[in-house]
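Reading through the structure tokens given below for one structure.
All of the numbers you see were taken from the coordinates with simple rules; none came from a lab. Computed from a prediction, not measured in an experiment: that's the story for all the values here. Methodologically, a virtual Cβ is constructed for each residue, glycine included, from the backbone with ideal geometry; neighbour enumeration extends over all protein chains shown.
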Amino acid sequence: MTRKKNILIAIVGIAMGMGFAVTQLGRFAQDSSLNAWQNGVAGYTTAVREQVKTAKPMAVFFYTDWCASCKKLRETVLSAPEVQQFLGDFITVKVNPEENGANQALADSFGVVGYPTFLVIPAGDGAPKIIHRTSNATSAQFIAQCREALSL
């Protein structure tokens, strides 16, 4: 009986380890397209200073780890080469309001009420424009929405 018990414990341990590894790899894959983005309130503050210096537009992506639509947006739209190339002309920031109170306060200041929320903030005195609240747009539609937000 002891041998069977040890084998069962080993199998459970291996399964738990594999589950942990898959979870961690999934989190890495979620954010791999956003690695170069500024992060959180500190990143937003840096981005605002950079925007003043460069006059580039800013993109701010509000998301949560549990949000399936956020994950879909990252995996199907934000990771697409044409979207990454297009956003290369932007100062980009990602903010998870659930990480801390400061991130939540930033989300609140923009009126974020659901996830994902993607903002385009033109350079200068341009007001932020919410362009995306769902994950159903194609890459081409997403780019068109960004361009339209910049021209408003």
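If r is the Cβ-Cβ distance from R147 to N100 and R0 is 41 Å, what FRET efficiency results, to the nearest 0.05?
The calculated FRET efficiency here is 0.80.
Per-residue HN-Hα couplings for the stretch 40-53, Karplus 6.51 cos²θ - 1.76 cosθ + 1.60 at θ = phi - 60°, whole Hz, x for Gly and Pro?
With coefficients 6.51, -1.76 and 1.60, one gets x, 4, 4, x, 5, 4, 5, 5, 4, 4, 5, 5, 4, 6 Hz.
Can you run phi through the Karplus equation (6.51, -1.76, 1.60; θ = phi - 60°) for the stretch 94-100 and list ³J(HN,Hα) in whole Hz, with x for Gly and Pro?
Values per residue, Gly and Pro as x: 10, 9, 9, x, 7, 6, 6 Hz.
For I91, list long-range residues whose amide hydrogen, built 1.01 Å from N in the peptide plane, is under 5 Å from its own amide hydrogen.
So I91 has HN proximity to M58, A59.
Which of rounded, prolate, oblate describes the stretch 30-97, given a ≥ b ≥ c as roots of the alpha-carbon gyration tensor eigenvalues and a/c under 1.5 marking rounded, otherwise prolate only if a/b is larger than b/c?
Cα axes put the stretch 30-97 in the oblate bin.
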